[in-house]
Amino acid sequence: MKSNMADMVFEGLLRIADDNLILGHRTSEWCGHAPTLEEDLALPNIALDLIGHAQTLYCLACEINSRYKNEDQLAFLRLEHEYKNLLLVEQENGDFGNTVLRLFYFSTFMKYFWERVKIKCCFKKLKEFSEKAFLETSYHSKYASQWVITLGDGTDESNLKMSNAIANLEPFLGELFNNDDFTEMCSQNDFLPEPTSIFDSWKNEVEAILQKGNLDFPDIILKKRGGRKGEHSEAFGYLLSDLQYMQRAYPNSSW
Amino acid sequence: MAREQNEKIASLEAFQEKIDRDEKIEPKDSMPEAYRKTLIRQIGQHAHSEVVGMLPEGNWITRAPTLRRKLSLLAKVQDEAGHGLYLYCAAETLGKSRMEMTQELLSGKAKYSSIFNYPTPTWADIGAIGWLVDGAAIMNQIPLCRCSYGPYARAMIRICKEESFHQRQGYEIMLTLSRGTKAQKEMAQRALNRWWWPSVMMFGPSDADSPNTENSVKWKIKRYTNDELRQKFVDAIVPQAEKIGLTVPDKDLKWDKKRNNGQGGYAYGEINWDEFWRVVRGDGPMNNERISAKQKAWNEGSWVRAAAHAHAIKKQTALQAAE
């Protein structure tokens, strides 16, 4: 792989891996604290998939960039500005409704993302991985969509909480669909689809689900952004202090 | 009156004969009330232990040191939620609902394994729990795969397979730590010091002080007494600790060739039963925290459960209207 191509693939893999790791981390915080035992089983299961995706993608990134010797160095030992995840995924969980709505937004996006990678991707190993990733994110999207409908439709209280969650997450959705010079380059080289190309499929599905839950589709304009450039929210520092604690406190150890 | 009495005795005898023939008791079979009660209590406590046990380990998911360890821990804690589900289902076959059992857990009426009232301050505690706590659980649970009550025995077969995987995982964490840096070895030893005695206590009071044992053995719910299982556990763990260079924190521990009917086994020191009963009664290091966490999750989730209920009714009504 030529060096500019390698840089592109590395950066592209990091963006997706970081999104998955950080949302997996947030989802795993629910373990033992969910509203039902079934959800106590489902949420760690989804976190397991998300962090598993991150692990595979970091491993692929290490094969491309020899500066990083293994996936853990990427996951645990970068500085805050070196993580490229969306601001959406690093926000605190909020209540169960906010958690499942965010999961629904993100996993529906990723479902269409992987579907496109499956059809076209110049990086063969990612194309192969997309088969499994597509199936798993489809399941996450389905699981979360059922909760969005249930909570939207359930009681006045649950409908209000879901409307609040929609308002709460609205400022972060623009970044999900934001094209930049990098995403354009990825698309021109048949590496990754442009985020805007996913918008219509995503909107159709999300709008239909929200409607079933008597909920309004949010305005999607670019408001809060910065994650892709490594500019994060305050909450992210606390997340990293948990995530990185062991690797920072006991450097150069095997686990 | 005398006739009723005779019938009762005859049916108890028939039940005992069935047990003695090693036939399984199934949910719709007749069974003595005390048998039913004992099983509901035992399976319920077991289910609660799985669910509360998610907390001390869940505590380390976000801080696990590598992705591989994080994924294994997530999978393990998820298995525990699954065990909780099967066990509540097994108990429900005896006529008590999961809701009732949950309320008893949250109100403090129902017990769960006291071991989960100890804290997990370091990563090594995750290794120690897998190795010792799951190890002790397996000693207790393998005989339960042959328990006389069918649904419980069948649930235990799957649970034991998963628990034995967890135990190997825990031991492997301790092995890695013991081969690591000085700080890692010390972390492992301190965790063993913390978890050893509470694990030895997991088998419950000595046989002399265990009021439920006699009937449970007679009904083949239990196949070994608490002290027999405790001995098996100590005999299994001591050489494993030696192998990875860790010291079991018991100065009285020594090989005693008279144990196990002359086959030899480890003699161990006096168990601090005051501590055991103190933790059982609610005064352990984490009793309040564990129950408060479960109460908080339950209370904060009430709007979600209410919404799910309301949505299900709306769906059903719409379906009926369409028919």
### Summary
Note: among A:T155, A:T99, A:T150, A:T56, just one is within 12 Å of another protein chain (Cβ to nearest Cβ), in contact (Cβ under 8 Å) with a residue 24 or more places away in the chain, polar (S, T, N, Q) and farther than 25 Å from B:L71 by Cβ, namely A:T150
### Query
Out of all the residues in the stretch B:290-323, which are in contact with a helix residue (DSSP H, G or I) (Cβ under 8 Å, 6 or more places away or on another chain), more than 21 Å from A:L160 (Cβ to Cβ) and charged (D, E, K, R)?
B:R290, B:K294
#### Entry: Pairs where the first residue, in the stretch B:1-24, is touching a residue at least 40 places away in the same chain (Cβ under 8 Å) and the second is among the aliphatic types (A, V, I, L, M), C-beta under 9 Å, 6+ apart
B:I19/B:I25; B:K24/B:A153
### Message
Cβ-Cβ distance below 6 Å, separation of 6 or more or different chains: which pairs start in the stretch A:193-208 with a residue that is on the phi < 0 side of the Ramachandran plot and end on one that is among the charged types (D, E, K, R) and surrounded by 14 or more Cβ atoms within 10 Å (Cβ to Cβ)?
### Response
A:P193/A:R116
### Query
Any idea which residue in the stretch B:191-241 is nearest to B:Y171 (Cα to Cα), counting only those that are within 16 Å of the chain's Cα centre (by Cα) and of a type in the set (G, A, S)?
B:S199
### Query
Do we have any residue at all in the stretch A:246-253 that's assigned to a helix (DSSP H, G or I), touching a residue at least 40 places away in the same chain (Cβ under 8 Å) and either away from chain B (no Cβ under 14 Å) or within 16 Å of the chain's Cα centre (by Cα) (or both)?
no
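Select from the stretch B:268-323 the residues that are basic (K, R) and free of Cβ contacts under 8 Å to residues at least 40 places away in the same chain and list them in ascending order. Steps first, please.
Of the residues in the stretch B:268-323, the ones basic (K, R) are B:278, B:281, B:290, B:294, B:296, B:305, B:314-315.
Within the stretch B:268-323, B:R278, B:R281, B:K296, B:R305, B:K314, B:K315 qualify.
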### Query
For the stretch A:6-22, what are the residues that are within 13 Å of chain B (Cβ to nearest Cβ) and among the aliphatic types (A, V, I, L, M)?
A:A17, A:L21, A:I22
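Restricting attention to the stretch B:16-38, does a residue exist that is under 30 Å from B:N287 (Cα atoms) and crowded, with 18+ Cβ neighbours inside 10 Å? I'd like the intermediate steps shown before the answer.
Applying the first criterion (under 30 Å from B:N287 (Cα atoms)) to the stretch B:16-38 yields B:34-38.
Cutting the leftovers down to crowded, with 18+ Cβ neighbours inside 10 Å gives us B:35, B:38.
Checking the stretch B:16-38: at least one residue is under 30 Å from B:N287 (Cα atoms) and crowded, with 18+ Cβ neighbours inside 10 Å.
Out of everything in the stretch B:292-321 that is closer than 17 Å to B:H48 by Cα and surrounded by 14 or more Cβ atoms within 10 Å (Cβ to Cβ), what residue ends up being nearest to the other protein chains (Cβ to nearest Cβ)?
Taking the stretch B:292-321 and keeping what is closer than 17 Å to B:H48 by Cα, we get B:292-298.
From the residues that got through so far, the ones that are surrounded by 14 or more Cβ atoms within 10 Å (Cβ to Cβ) too are B:293-295, B:297-298.
Numbers: B:A293: 7, B:K294: 8, B:Q295: 11, B:A297: 4, B:W298: 8 Å.
Only one residue fits best here, namely B:A297.
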### Task
Filter the stretch B:243-265 for residues that are in a helix (DSSP H, G or I) and surrounded by 15 or more Cβ atoms within 10 Å (Cβ to Cβ) and give the result.
B:R259
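Are there any helices (runs of 4 or more DSSP H) wholly within the stretch B:37-151 with 1 or more residues that are without any contact (Cβ under 8 Å) to a residue 12 or more places away in the chain and facing another protein chain (nearest Cβ under 9 Å), and if so which?
Details: elements: B:67-92, B:98-107, B:124-128, B:134-141.
Hits in the stretch B:37-151: B:67-92, B:98-107.
With the structure loaded, tell me whether A:N45 is facing chain B (nearest Cβ under 8 Å) and either surrounded by fewer than 20 Cβ atoms within 10 Å (Cβ to Cβ) or more than 21 Å from A:W255 (Cβ to Cβ) (or both) or whether it fails that test. Give the derivation first.
Numbers: facing chain B (nearest Cβ under 8 Å): yes; either surrounded by fewer than 20 Cβ atoms within 10 Å (Cβ to Cβ) or more than 21 Å from A:W255 (Cβ to Cβ) (or both): yes.
Answer is yes for this residue.
Looking at the structure I just gave you, is B:R168 surrounded by fewer than 23 Cβ atoms within 10 Å (Cβ to Cβ), more than 14 Å from chain A (Cβ to nearest Cβ) and over 14 Å from the mean Cα position of the chain (by Cα)?
Numbers: surrounded by fewer than 23 Cβ atoms within 10 Å (Cβ to Cβ): yes; more than 14 Å from chain A (Cβ to nearest Cβ): yes; over 14 Å from the mean Cα position of the chain (by Cα): yes.
So B:R168 fits the description; yes.
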### Query
Residues A:T150, A:T99: which one is modelled with pLDDT of 95 or more, closer than 30 Å to A:Q247 by Cα and of a type in the set (S, T, Y)?
A:T99
#### Entry: Matching entry among A:Y83, A:Y139, A:Y143, A:Y105 (being at pLDDT 95 or above and more than 15 Å from the chain's Cα centre (by Cα))
A:Y143
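Run down A:T27, A:T36 and say which single residue is surrounded by fewer than 22 Cβ atoms within 10 Å (Cβ to Cβ) and either of a type in the set (S, T, Y) or facing chain B (nearest Cβ under 9 Å) (or both). Step through it out loud before you land on a result.
Values: A:T27 fails: surrounded by fewer than 22 Cβ atoms within 10 Å (Cβ to Cβ).
Among A:T27, A:T36, only A:T36 is surrounded by fewer than 22 Cβ atoms within 10 Å (Cβ to Cβ) and either of a type in the set (S, T, Y) or facing chain B (nearest Cβ under 9 Å) (or both).
Out of all the residues in the stretch B:266-291, which are in a helix (DSSP H, G or I), surrounded by 12 or more Cβ atoms within 10 Å (Cβ to Cβ) and not aromatic (F, W, Y)?
Of the stretch B:266-291, the ones in a helix (DSSP H, G or I) are B:273-280, B:287-291.
From what's left, surrounded by 12 or more Cβ atoms within 10 Å (Cβ to Cβ): B:273, B:275-280, B:287-291.
Once the filter is applied, which keeps residues that are in a helix (DSSP H, G or I), surrounded by 12 or more Cβ atoms within 10 Å (Cβ to Cβ) and not aromatic (F, W, Y), the stretch B:266-291 yields B:E275, B:R278, B:V279, B:V280, B:N287, B:N288, B:E289, B:R290, B:I291.
The values are calculated or read from the model by the stated rules, or taken from the named source; none is laboratory data. Everything quoted here is computed from the prediction, not taken from an experiment. Because the Cβ atoms are built from the backbone with ideal geometry, glycine has one as well, and the counts that use them run over all protein chains shown.
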